[in-house]
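J.: One structure follows; several queries about it will come next.
The values are calculated or read from the model by the stated rules, or taken from the named source; none is laboratory data. Fair warning: this is a prediction, and the values are worked out from it, not measured in the lab. Positions of Cβ are generated from backbone atoms using ideal geometry, with glycine treated the same way; all protein chains shown enter the neighbour counts.
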Amino acid sequence: MTNLKNSSSKLSDTKQESTIQKEILLEFGARQDMRIWRQNTGALKIDDRFIRFGVPGQADITGLLIPSGRRLEIEVKKLKGAQRESQKNFEKMIIKSGGVYITARSVEEVYTKLHTYLWDK
């Protein structure tokens with residue numbers, strides 16, 4: 001198994017998704033073979049206008065694999081978390097388009113699932 005910089009990435013049923021997202025961004029954010037960033041979704045009311053941002057079901061972390069340019073999406077879930085239907089639909093779209101979609105509960109799980117795409121060439 002790959003030697004992890006962030007040892008706090010072990011699976012935990014009490015760890016918040018936002019904490020896991022930060023761990024993944026820290027672990028993979030400086031790599032030369034990918035570019036990743038947090039992708040927020042939601043809505044905001046400004047004066048009398050209601051503004052939505054993001055795509056329904058999009059993953060928490062998005063990016064590109066380098067040098068292939070393949071789209072990378074990482075949906076972060078707590079240990080017992082499950083994808084919503086909109087997230088499953090977004091996953092199908094990404095995979096059908098040739099992208100990489102990962103549902104992960106830890107940094108280690110991202111390493112394991114990325115292994116095929118980055119290191120098994």
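J.: Suppose we filter the range 29-67 for residues that are at pLDDT below 95 and of a type in the set (F, W, Y); how many remain?
T.: 2
J.: From the set of residues in the range 71-104 that are part of a helix (DSSP H, G or I) and β-branched (V, I, T), which is surrounded by the most Cβ atoms within 10 Å (Cβ to Cβ)?
T.: So in the range 71-104, the residues part of a helix (DSSP H, G or I) come out as 85-96.
The next check asks that each one be β-branched (V, I, T); those that pass are 94-95.
Working: I94: 20, I95: 13.
Ranking the candidates gives I94 first.
J.: Select from the range 24-54 the residues that are surrounded by 13 or more Cβ atoms within 10 Å (Cβ to Cβ) and hydrophobic (A, V, I, L, M, F, W, C) and list them in ascending order.
T.: Residues satisfying the conditions are I24, L25, L26, F28, M34, I36.
J.: Then there's this: Look through T116, T103 and report the one residue that is touching a residue at least 12 places away in the same chain (Cβ under 8 Å) and closer than 18 Å to F28 by Cα.
T.: Values: T116 fails: touching a residue at least 12 places away in the same chain (Cβ under 8 Å).
Residue meeting the stated conditions: T103.
J.: Follow-up question, since we're still on this one. What number of residues within the range 23-43 satisfy the criterion of being farther than 21 Å from L65 by Cβ and among the charged types (D, E, K, R)? Outline the logic, then answer.
T.: Initial filter on the range 23-43 (farther than 21 Å from L65 by Cβ): 40-43.
Remaining after also requiring among the charged types (D, E, K, R): none.
Matching residues across the range 23-43 total 0.
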